[in-house]
Amino acid sequence: MDITPGPLLQQITDPKDLKKLSREQLHQVCSELRQYIIDVVSTHGGHFGASLGVVELTVALHYVFNTPYDQLVWDVGHQAYGHKILTGRRDNFYTNRKYKGLSGFPRRAESQYDSFGVGHSSTSISAALGMAMAAKYKGEDRKSVAVIGDGAMTAGLAFEGMNHAGVADADMLIILNDNCMSIDQNVGALKEYLTDITTSRTYNKLKDDIWNALGKLPVGKRFTREMASKLEHSIKGFVSKSSNLFEALNLRYFGPIDGHNITKLVDVLQDLKKIPGPKLLHILTVKGKGYSLAEKDQTKWHAPGLFDKITGEIYKKKFDLPQPPKYQDVFGHTIIELAEKNNKILGVTPAMPSGSSLKFMMDKMPDRAFDVGICEQHAVTLSAGMATQGMKVFCNIYSSFMQRAYDQVVHDVAIQDLPVVFCLDRAGLVGEDGATHHGAYDIAYMRCIPNMIVSAPMNESELRNLMYTAQLDTTVHPFVIRYPRGEGVMPVWKTEMKEIKPGTGRKLKDGERIAILSFGHPGNFAAAAIRELRTEELNPAHYDMRFAKPLDENLLHEVFAKFDKVITVEDGTVQGGFGSAVLEFMAMHHYGAEVKILGMPDHVIEQGTPKELQKECGYDAPAIAAAVREMMNEGQHSVIHKSIL
């Protein structure tokens, strides 16, 4: 489908072209930019509502500031589609989030206009402050701007950045994009606080009246600007508690203003550009602005997939046969099933109730399931606190986001040996979200921690069994259950739950000369490879190990006593992962074998569909079959250790 940008947007290949337009033409640019995003995303997919909500802000920022010399940091980055289109990537924007195409997030290697790579939330203030401090040190008149949503503002890192910005005396602007949304509805006291600011009509009217009047007073009269500032500060404290939080951190607060009024935004940004020091502009926007369905159901339209832009119909694949459920939904339904029988079970997630499917439990058992906002560190330590009181807490965090709470996992959970259950959703290759979201490292970073149990189910039934095991009173250690994004393999998945003793795998198939040891969902790729190899009279054994820690040592003794060729398969980094654990066991017990480790190689994996990326990484079914052929054709029967990474 040929998607043609509007006449003004066609003229803009970088922000210099945007600056040639009159202020009156900016309204049309915003309209054309919003329509172009709708056209491309409806046809090619991607995040949707977030970028529509910041169209006017995006245009105003590039119109007022001298980018890329002035540096613009977009928090999280899924709202940066308009930014990409205006900065030379319009014509290949259709490749966004596709294999070998544009990243779905700002990426330094992609454009000089992407001043900082993002993907996880709440990093923008610290990054922009670092840029501003470096500019001050080098004597550069360079502006630094951080655009952060009210959802991302709940994370500790955002407050750490603001706390430092207030005393760093660096010239930076924080733009708080307030739309009451992250992916799901925002939660917490900060949301209520910002609501109080936006609804304090008395304060906002009085503030506008005062500054309008003060703007007419000549400088140098007895009523100075310094006196005016003191008066405004007193009024803020008297009329409402509106900006005390930010100004207590020594950030000059401006707003709230309408984030969809392009003329007002340009005027305010031009004024703020002249004011030195740390400052915060509070703007009000609507996520999904300009597309009515996205405005009404902002969670659904955060990233809807392909859809008909006229009718709003979201295209779904049609199947003749029943399909397996998503792993996240198996988790969501199973935790309710377990909680109905075990009143000690609680659920915690940091701002991902829909993505993790903990929302099912939040709806049915609101007093036992909690969304804590974008606060992974808090989620882990909160869970630890609950565990000290005898609760069985399922702390559900995306694998990639768990990296943000690693200290809490070690310090607050593992050292105290508290039986928190970490359900790591989106483990392995997540697909189009790319490098910042792949769950590549959790096997390696979890299995090195004392007291930690690290497990992965091969299918939905095994996920249920591991969840059942983790909540038993006999399970007294921290327990990781990692599972991938997307569907499993069992259309009929609601099986009876059984205990799996930690550190026990299972032999799925006996074989000759070569064994495949799989960990987690990739065991299904191994099974498919074995079926393919039957026609070639190759007969690998297959073991589903289920645990990377503790390993099933009895099973491994059996493997290394019988087979001199072994392939390990995992959907995590090969550095320090499950395959490394097998090699450690082999070396410790003085076995010799030819071992090939299949998994994610030691470099950053970009975006693409999961199948494309699994093929690239070399652990899909054809790659496993090829590895078996290669090892069997080498004709090497000597005792060697060969780890191919």
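The values are calculated or read from the model by the stated rules, or taken from the named source; none is laboratory data. All of these numbers come straight from a predicted model, not from anything done at the bench. Cβ coordinates were reconstructed from backbone atoms using ideal geometry, including for glycine residues, and neighbour counts include every protein chain displayed.
Among the listed residues Ala526, Ala470, which satisfies the condition of being touching a residue at least 60 places away in the same chain (Cβ under 8 Å), within 31 Å of the chain's Cα centre (by Cα) and assigned by TED's automatic domain parsing to the domain that holds Ala561?
Working: Ala470 fails: assigned by TED's automatic domain parsing to the domain that holds Ala561.
After ruling out the rest, the residue left standing is Ala526.
Does the stretch 505-542 hold any residues that are in a loop (DSSP other than H, G, I, E, B) and buried (at least 16 other Cβ atoms within 10 Å of the Cβ), and which are they?
Those that are in a loop (DSSP other than H, G, I, E, B) and buried (at least 16 other Cβ atoms within 10 Å of the Cβ): Gly505, Gly511, Arg513, Phe519, Gly520, His521, Pro522, Leu538, Asn539, Pro540.
Looking at the structure I just gave you, is Val409 closer than 14 Å to Ile500 by Cβ and either surrounded by fewer than 20 Cβ atoms within 10 Å (Cβ to Cβ) or among the β-branched types (Val, Ile, Thr) (or both)? Give the derivation first.
Values: closer than 14 Å to Ile500 by Cβ: no; either surrounded by fewer than 20 Cβ atoms within 10 Å (Cβ to Cβ) or among the β-branched types (Val, Ile, Thr) (or both): yes.
Answer is no for this residue.
Name every residue in the stretch 322-359 that is within 24 Å of the chain's Cα centre (by Cα) and part of a loop (DSSP other than H, G, I, E, B), in order of residue number.
Pro325, Pro350, Ala351, Met352, Ser357, Leu358
Taking the criterion of being out of contact with any helix residue (DSSP H, G or I) (no Cβ under 7 Å at 6 or more places or on another chain), at pLDDT 95 or above, closer than 19 Å to Asp552 by Cβ and surrounded by 15 or more Cβ atoms within 10 Å (Cβ to Cβ), would at least one residue in the stretch 602-621 satisfy it?
No.
Please determine whether any residue of the stretch 439-457 is in contact with a Ser or Thr (Cβ under 8 Å, 6 or more places away or on another chain), within 30 Å of His78 (Cβ to Cβ) and assigned to a loop (DSSP other than H, G, I, E, B).
Yes, some residue in the stretch 439-457 is in contact with a Ser or Thr (Cβ under 8 Å, 6 or more places away or on another chain), within 30 Å of His78 (Cβ to Cβ) and assigned to a loop (DSSP other than H, G, I, E, B).
For the stretch 586-600, give me each residue that is surrounded by fewer than 17 Cβ atoms within 10 Å (Cβ to Cβ) and in contact (Cβ under 8 Å) with a residue 24 or more places away in the chain. Explain how you work it out, then say what you get.
If we filter the stretch 586-600 for residues that are surrounded by fewer than 17 Cβ atoms within 10 Å (Cβ to Cβ), which is where we start, we get 587-590, 592.
Correct list: Ala587, His589, Gly592.
If a residue must be in contact (Cβ under 8 Å) with a residue 40 or more places away in the chain, outside any loop (DSSP other than H, G, I, E, B) and crowded, with 19+ Cβ neighbours inside 10 Å, how many such residues does the stretch 136-156 contain? Spell out the reasoning first.
Start the filter on the stretch 136-156 by keeping residues that are in contact (Cβ under 8 Å) with a residue 40 or more places away in the chain, which leaves 142-152, 154-156.
Checking which are outside any loop (DSSP other than H, G, I, E, B) leaves us with 144-149, 152, 154, 156.
Still in the running and crowded, with 19+ Cβ neighbours inside 10 Å: 144-149, 152, 154.
Of the residues in that region, 8 qualify.
Gln377: outside any loop (DSSP other than H, G, I, E, B), out of contact with any strand residue (DSSP E or B) (no Cβ under 9 Å at 6 or more places or on another chain) and not assigned by TED's automatic domain parsing to the domain that holds His47, yes or no?
Judged against the criteria, Gln377 is a match.
Quick grid of which residues meet (1) surrounded by fewer than 24 Cβ atoms within 10 Å (Cβ to Cβ); (2) farther than 20 Å from Thr154 by Cα; (3) aliphatic (A, V, I, L, M):
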| site | (1), (2), (3) |
| --- | --- |
| Pro350 | no, no, no |
| Ser354 | yes, no, no |
| Met365 | yes, yes, yes |
| Phe370 | yes, no, no |
| Cys375 | yes, no, no |
| Leu382 | yes, no, yes |
| Met386 | yes, yes, yes |
| Ile397 | no, no, yes |
| Ser400 | yes, no, no |
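How many residues are within 15 Å of Lys326 (Cα to Cα) and modelled with pLDDT under 95 if we restrict to the stretch 357-384?
Selection size over the stretch 357-384: 0.
Residue-wise test of (1) modelled with pLDDT under 90; (2) aliphatic (A, V, I, L, M).
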position	(1), (2)
Val266	no, yes
Leu269	no, yes
His302	yes, no
Leu321	yes, yes
His333	no, no
Ile336	no, yes
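Tally the residues that are in a loop (DSSP other than H, G, I, E, B), of a type in the set (Asp, Glu) and farther than 30 Å from Gly117 by Cβ, restricting the search to the stretch 550-604.
Adding up the residues that qualify gives 2.
If I filter the stretch 91-107 for residues that are within 19 Å of Ile283 (Cα to Cα) and in the same structural domain as Asp271 (by TED's automatic domain parsing), do I get at least one hit?
no
Could you run through the stretch 412-425 and say how many residues are charged (D, E, K, R) and either surrounded by 24 or more Cβ atoms within 10 Å (Cβ to Cβ) or part of a strand (DSSP E or B) (or both)?
So the count comes out to 1.
Please count how many residues of the stretch 59-109 are touching a strand residue (DSSP E or B) at 6+ places or on another chain (Cβ under 9 Å) and either buried (at least 24 other Cβ atoms within 10 Å of the Cβ) or not in a loop (DSSP other than H, G, I, E, B) (or both).
13
With respect to Leu18, is the statement that it is under 24 Å from Arg142 (Cβ atoms) and not in a loop (DSSP other than H, G, I, E, B) true?
Yes, satisfied.
Quick one: in the stretch 50-72, which of the residues that are more than 18 Å from Val268 (Cβ to Cβ) and among the polar types (S, T, N, Q) is modelled with the lowest pLDDT? Don't jump to the end; show me each part of the working.
Looking only at the stretch 50-72, we keep the residues that are more than 18 Å from Val268 (Cβ to Cβ), and these are 50-52, 68-69, 71.
Still in the list and also among the polar types (S, T, N, Q): 51, 71.
On the way: Ser51: 90, Gln71: 96.
Per the stated criteria, the residue is Ser51.
Tally the residues that are surrounded by 15 or more Cβ atoms within 10 Å (Cβ to Cβ), over 16 Å from Leu173 (Cβ atoms) and among the β-branched types (Val, Ile, Thr), restricting the search to the stretch 243-270.
1
Going by the structure shown, is Ala627 modelled with pLDDT of 95 or more, loosely packed, with under 13 Cβ neighbours inside 10 Å and among the small types (Gly, Ala, Ser)?
Working: modelled with pLDDT of 95 or more: yes; loosely packed, with under 13 Cβ neighbours inside 10 Å: no; among the small types (Gly, Ala, Ser): yes.
For Ala627, the condition - modelled with pLDDT of 95 or more, loosely packed, with under 13 Cβ neighbours inside 10 Å and among the small types (Gly, Ala, Ser) - is not met.
Kindly check whether there is at least one residue in the stretch 42-49 that is at pLDDT 95 or above, in contact with a helix residue (DSSP H, G or I) (Cβ under 6 Å, 6 or more places away or on another chain) and either of a type in the set (A, V, I, L, M) or outside any helix (DSSP H, G or I) (or both).
Looking through the stretch 42-49, none of the residues is at pLDDT 95 or above, in contact with a helix residue (DSSP H, G or I) (Cβ under 6 Å, 6 or more places away or on another chain) and either of a type in the set (A, V, I, L, M) or outside any helix (DSSP H, G or I) (or both).
Inside the stretch 110-135, can you point out the residues that are surrounded by fewer than 18 Cβ atoms within 10 Å (Cβ to Cβ) and in contact with a Pro (Cβ under 7 Å, 6 or more places away or on another chain)?
Answer for the stretch 110-135, where residues must be surrounded by fewer than 18 Cβ atoms within 10 Å (Cβ to Cβ) and in contact with a Pro (Cβ under 7 Å, 6 or more places away or on another chain): just Gln112.
Can you name the number of the only condition in (1) within 27 Å of Thr58 (Cα to Cα); (2) in contact (Cβ under 8 Å) with a residue 12 or more places away in the chain that Asp271 fails?
It is condition (2) that Asp271 fails.
Any residue in the stretch 105-115 that is of a type in the set (Phe, Trp, Tyr) and at pLDDT 95 or above?
Yes, the conditions are met somewhere in the stretch 105-115.
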